[in-house]
Ligand SMILES: *C/C=C(C)/C=C/C=C(C)/C=C/C1=C(C)CCCC1(C)C
């Protein structure tokens with residue numbers, strides 16, 4: 001439930017986190033646009049999807065930020081007092097879910113695309129991952145907007161089923177494909193899955209907070225902060241690691257490209273490829 005009132009500290013905390021997410025998504029997208037020529041064309045699809053994800057997220061955070069600012073108002077001088085819900089305005093949590101409905105399937109597309117698998121394997125993976133991701137988000141929404149903790153709990157459990165299925169596919173099916181990846185990127189890709197697990201795991205925990213008897217407005221504030229941090233890691237940081245994988249794979253695929261790209265650095269490309277095996 002959206003709290004009736006926020007203390008000044010709570011208001012500022014949410015305000016600053018929402019603002020930070022806008023900056024992170026927007027400038028990650030800008031960085032990736034500028035960096036596209038630094039990878040081979042066969043990996044540019046993956047990065048283009050990453051740019052779209054960060055762009056969609058930045059857009060929705062502008063909307064969330066606006067919605068937050070008009071939903072909570074204060075009469076105190078200098079804005080240092082309590083903020084209460086404005087008459088006729090309500091914070092719209094729907095923006096998050098529309099955002100996730102679009103971006104979560106795309107994050108999985110991004111990962112599968114950078115692997116550059118055989119077409120058949122790729123479509124098999126996406127055929128499983130994309131609908132499961134959409135189902136997970138769609139099932140979470142009725143619980144998220146419900147003031148009733150039983151409803152919240154039931155939809156939370158329903159949504160966890162496709163969530164576990166996605167993790168199963170990522171950690172079982174995808175492992176087979178990892179063996180065919182260049183040796184330089186295997187470690188990074190494997191760690192990327194744990195980053196995904198850790199950051200995606202924050203969402204159901206943040207969702208649960210209102211059920212854990214944490215005082216109303218605190219639970220809501222922690223939830224907003226949790227979703228915000230998770231969105232930065234799961235989209236922007238994730239995109240930068242995908243970009244790194246794309247760059248390392250480009251170098252491994254085409255030594256001439258690697259030589260041109262690294263010519264301003266001292267080390268020879270061949271010697272560098274084994275030294276760059278870290279995230
Ligand atoms: C960029 C946004 C991302 C990666 C969002 C991910 C969201 C989830 C993994 C949400 C999962 C949920 C559950 C597993 C159960 C409770 C309801 C949700 C939707 C919060």
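Just so it is clear, none of the values below were taken in a lab; they were calculated from the coordinates. The shown structure was predicted, so the numbers you read here are calculated from the model rather than taken from an experiment. Please note: Cβ atoms are built from the backbone with ideal geometry, for glycine as well, and neighbour counts cover all protein chains shown.
Rounded, prolate or oblate: which fits the stretch 8-147 when a ≥ b ≥ c are the square roots of the eigenvalues of the alpha-carbon gyration tensor, with rounded for a/c under 1.5 and prolate only if a/b beats b/c?
It is oblate, given that a/c is not under 1.5 and a/b is not larger than b/c.
Zone of residue 233 (label point 7 Å along Cα→Cβ, backbone N under 18 Å): which residues in the stretch 190-214?
190-209
Quote the FRET efficiency, to the nearest 0.05, computed for residue 44 versus residue 8 with a Förster distance R0 of 35 Å and r equal to the Cβ-Cβ distance.
0.15
Please compute the modelled spin-label separation between residue 98 and residue 190, points set 7 Å along Cα→Cβ, answer in nm with one decimal.
Each label point lies 7 Å from its Cα, and together they span 4.2 nm.
For an R0 of 25 angstrom, estimate the FRET efficiency from the Cβ-Cβ distance between residue 252 and residue 167 and round to the nearest 0.05.
0.35
Calculate how steeply helix 216-231 sits against the longest principal axis of the alpha-carbon atoms of the chain, using the helix alpha-carbon long axis, and give the answer as 0 to 90 degrees to the nearest 10.
Tilt of helix 216-231: around 20 degrees.
Taking 8 Å as the Cα distance limit and 6 or more residues as the minimum spacing, I'd like the relative contact order of the stretch 1-150 as a percentage.
28
Angle between the Cα long axis of helix 44-71 and the longest principal axis of the chain, 0 to 90 degrees, nearest 10?
Once rounded, the angle reads 10 degrees.
Full-extension gain between residue 120 and residue 73, please, as 0.36 nm times their residue separation minus the C-alpha to C-alpha distance.
In short, 11.5 nm is gained.
Which whole-number percentage describes the relative contact order of the chain, with Cα contacts under 8 Å and a sequence gap of 6 or more?
Rounded, it is 23 percent for the chain.
Between helix 119-144 and the chain, what is the angle of the helix's C-alpha long axis to the longest principal axis, kept within 0 to 90° and rounded to the nearest 10?
With both axes taken from Cα atoms, the answer is about 10 degrees.
Which of these, 72, 31, 11, has the largest mean-square fluctuation under a Gaussian network model of the chain (Cα springs below 10 Å)?
It is 31.
If you build a Gaussian network model of the chain, linking Cα atoms that sit under 10 Å apart, which residue out of 191, 119, 44 swings the most?
119
Could you check the spin-label model distance between residue 146 and residue 160? Points 7 Å from the Cα along Cα→Cβ, value in nm.
1.5
Relative contact order for the stretch 1-59 using alpha-carbon pairs under 8 Å, separation at least 6, rounded to a whole percent?
43
For the chain, set up a Gaussian network in which alpha carbons nearer than 10 Å are linked by springs, and say which option among 112, 53, 87 fluctuates the most.
Highest fluctuation of the listed residues: 87.
Could you tell me the center-to-center distance, by alpha carbons, between the stretch 97-125 and the stretch 207-246 in angstrom?
Between the Cα centre of the stretch 97-125 and that of the stretch 207-246, the gap is 21 Å.
Using the Cα atoms of the stretch 5-262, I'd like the radius of gyration and the largest Cα-Cα distance, Dmax, both in angstrom.
Both quantities, over Cα of the stretch 5-262: 20.1, 64 Å.
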